[in-house]
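First comes the structure, then the notes that go with it.
The values are calculated or read from the model by the stated rules, or taken from the named source; none is laboratory data. Computed from a prediction, not measured in an experiment: that's the story for all the values here. Positions of Cβ are backbone-derived with ideal geometry, glycine not excepted, and every protein chain shown enters the neighbour counts. Areas reflect the complete protein model, heavy atoms only, side chains present, ligands, DNA and RNA absent. Shrake-Rupley method; radii C 1.70, N 1.55, O 1.52, S 1.80 Å.
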Amino acid sequence: MSSDFELAPIRAQFPALQQQVNGHPLIYLDNAATTQKPGSVLQAMDDYYRHHNANVHRASHTLSTRATQAFESARERVQRFLNARSSQEVIWTRGTTEAINLVAHSWGMNNLQPGDEILLSVLEHHANIVPWQQVATRTGAVLRVIPLTANGDLDLAAFHALLSPRTRLLTIAQVSNALGTVNPVAELIRAAKAVGVVTLIDGAQAVGHLSVDVQALGCDFYAFSGHKLYGPTGIGVLYGRAELLEQMPPWQTGGEMIERVSFSGTRFNRPPFRFEAGTPPIAEAIGLAAALDFLAALPEGWREHEAALLQLLLDGLQQLPFIKLVGRPNQRVGVVSLRLGEIHPQDAGELLDQMGIAVRVGHHCAMPLMESLGLEGTLRISLALYNSEAEIEALLAALARLPEFF
Ligand code: PLP
């Protein structure tokens, strides 16, 4: 572990971590579901509501000017985070789910035809499956599914075999929320672009762990949620390449997204506003920008810290004979799924909760993946940069005790 990386001052910034749950200090290991929020994020949102709260755009008074400035500078903050060419390529959404639905409804419904193929992988979250099933049903397009290898990596040979002249879209997670697999998205995008395929990356599980550069990746769309990287719920982002966004019709309509409305017709606004109907989540956008500032200000070594925690966890789990890891991908982040022999994941999750340890059990919104593995569900441990070695050791000790209860 990086010796100059100090965890205590970072943990101290997270109020929710400083509590007891069921009589034990909270050990929060459900970070793939949502992360805890640092004080600076809470402060930024509180400050906005206390001092600047007003609706944005078309400002004619001081508070509205301030709210608009904070809201649009949050957009620029996201632009820098993703290394997008322009903040006009940053569309606010409620989260990854809404971002993917935006592409499905605006681009998919208007560009796909019977026989066109949508290429995705078996490890997708439902948010990156169901919208495409809907599009396929309505347009006659077909879903093609890239399988995994036995250890839980994407089957690259199958990907290359499935990429065909009929493929119109590649839509794929950068990181699996169930297995922690990191997909080689740069390589996939390169291959897809070479044959003119549009690409969408579901970055929900990637942004909190990996650095992202949409220009270097070369993707057409990139989606993520604020709450998975220390920001608030209710805010997410769709990055879209300007050339594509220009050509896309609105999905939701109403106020904000128009340039001119009359009963004889409506002229739509330019991107990104064309895709942002109604009053946006202003405080949440400001909170997300604060989360990105928090990440940028972290001392060097936090990624190494996360990697060391993961290794400690994997090594410890190997020592517990009744535990079987689900997936051993070559490249992974700190998301680990496991089975516990005769012990049902649900029972294990409840017992751990009694010991103050929060993990997730179930299908993790990846039912097709579970089905392909022949499982109903798993117990999932997911790490964040504020987790400590002591917490991993406490988890391992708690897991080791589980068979005593059965
Ligand atoms: N994609 C992946 C890989 C996820 O892990 C999640 C949430 O867990 C989503 C999409 C959906 O994110 P949200 O519920 O924030 O829209």
(message) Restricting to Cα pairs below 8 Å that are 6+ residues apart, what does the relative contact order work out to for the chain? Please round to a whole percent.
(response) 23
(request) Quote the FRET efficiency, to the nearest 0.05, computed for Lys324 versus Gln354 with a Förster distance R0 of 22 Å and r equal to the Cβ-Cβ distance. (result) 0.40
(message) Between the stretch 204-279 and the stretch 88-122, what is the separation of their alpha carbon centroids in Å?
(response) 11
(message) For Thr167, what residues show an amide H to amide H distance below 5 Å, using hydrogens built from the backbone and excluding near sequence neighbours?
(response) Glu117
(message) Once you compute Rg and the Kirkwood Rh from C-alpha atoms, what is the Rg to Rh ratio for the stretch 238-305?
(response) 1.19
(message) I'd like the Karplus ³J(HN,Hα) series for the stretch 226-238: coefficients 6.51, -1.76, 1.60, θ = phi - 60°, whole numbers in Hz, and an x wherever there's a Gly or Pro.
(response) x, 6, 8, 10, 6, x, x, 6, x, 9, x, 9, 10
(request) Determine the per residue accessible area of the stretch 43-296 with all protein chains present and a 1.4 angstrom probe, expressed in square angstrom. (result) 39
(message) Could you tell me the calculated FRET efficiency between Arg267 and His57, based on Cβ-Cβ distance and R0 = 22 angstrom, to the nearest 0.05?
(response) 0.85
(request) Once you have the Cα-Cα distance between Glu376 and Ala194, take 0.36 nm times their residue separation minus that, and quote the gain in nm to one decimal. (result) 61.7 nm
(request) Take every Cα pair under 8 Å in the stretch 170-279 that's 6+ residues apart, average their separations, divide by the length, and report that relative contact order as a whole percent. (result) 17
(request) With the Cα gyration tensor of the stretch 141-264 in hand, convert its eigenvalues to equivalent ellipsoid semi-axes via √(5λ) and list them largest first in whole Å. (result) 29, 20, 13
(request) Work through the residues other than Pro321 whose Cβ is under 13 Å from its Cβ and net out their charges, Lys, Arg +1 and Asp, Glu -1. (result) +1
(request) Report, in cubic angstrom per residue, the convex hull volume of the C-alpha atoms of the stretch 317-365. (result) 102
(request) State the answer as a single residue: which of Pro299, Tyr386, Thr279 lies farthest towards the positive end of the charge dipole of the stretch 270-391, with beta carbon charges of +1 for Lys and Arg and -1 for Asp and Glu, about the Cα centre. (result) Thr279
(message) Placing +1 on the Cβ of each Lys and Arg and -1 on the Cβ of each Asp and Glu in the chain, which of Ala192, Ile343, Val359 has its Cα farthest towards the positive end of the resulting dipole?
(response) Ala192
(message) Limiting things to C-alpha atoms, what are the Rg and the maximum Cα-Cα separation (Dmax) for the chain, in angstroms?
(response) 22.0, 73
(message) Can you give me the long-range amide H partners of Thr253? Hydrogens built in the peptide plane at 1.01 Å from N, cutoff under 5 Å, separation of 5 or more residues or another chain.
(response) none
(request) Calculate, in nm to one decimal, what Glu300 and Glu342 gain on full extension: separation in residues at 0.36 nm each, minus their alpha carbon distance. (result) 10.9 nm
(request) Report the far tail of the P(r) of the stretch 208-321, meaning the percent of Cα-Cα pairs longer than 22 Å. (result) 55
(request) For Ala397, put the label point 7 Å out on the Cα→Cβ axis and report which residues of the stretch 18-33 keep their amide N under 12 Å from it. (result) 25
(message) Need one number: nm distance between label points at Ala390 and His363, each 7 Å from Cα along Cα→Cβ, rounded to one decimal.
(response) 4.0
(message) On a straight-distance basis, which lysines could pair with Lys37 in a cross-link, Cα separation under 19 angstrom, same-chain partners fewer than 8 positions away excluded?
(response) Lys228
(message) Cross-link candidates for Lys324: which aspartates and glutamates have Cα within less than 14 Å, leaving aside residues fewer than 8 places away along the same chain?
(response) Asp315, Glu342
(request) Please report Rg over Rh for the stretch 173-225, where both radii come from the alpha carbon positions and Rh follows the Kirkwood definition. (result) 0.95
(message) Quick check: at a probe of 1.4 Å, how many percent of the accessible area of the stretch 43-296 sits on carbon and sulfur atoms?
(response) 50
(message) I'd like the Karplus ³J(HN,Hα) series for the stretch 145-152: coefficients 6.51, -1.76, 1.60, θ = phi - 60°, whole numbers in Hz, and an x wherever there's a Gly or Pro.
(response) 10, 7, x, 9, 7, 4, 8, x
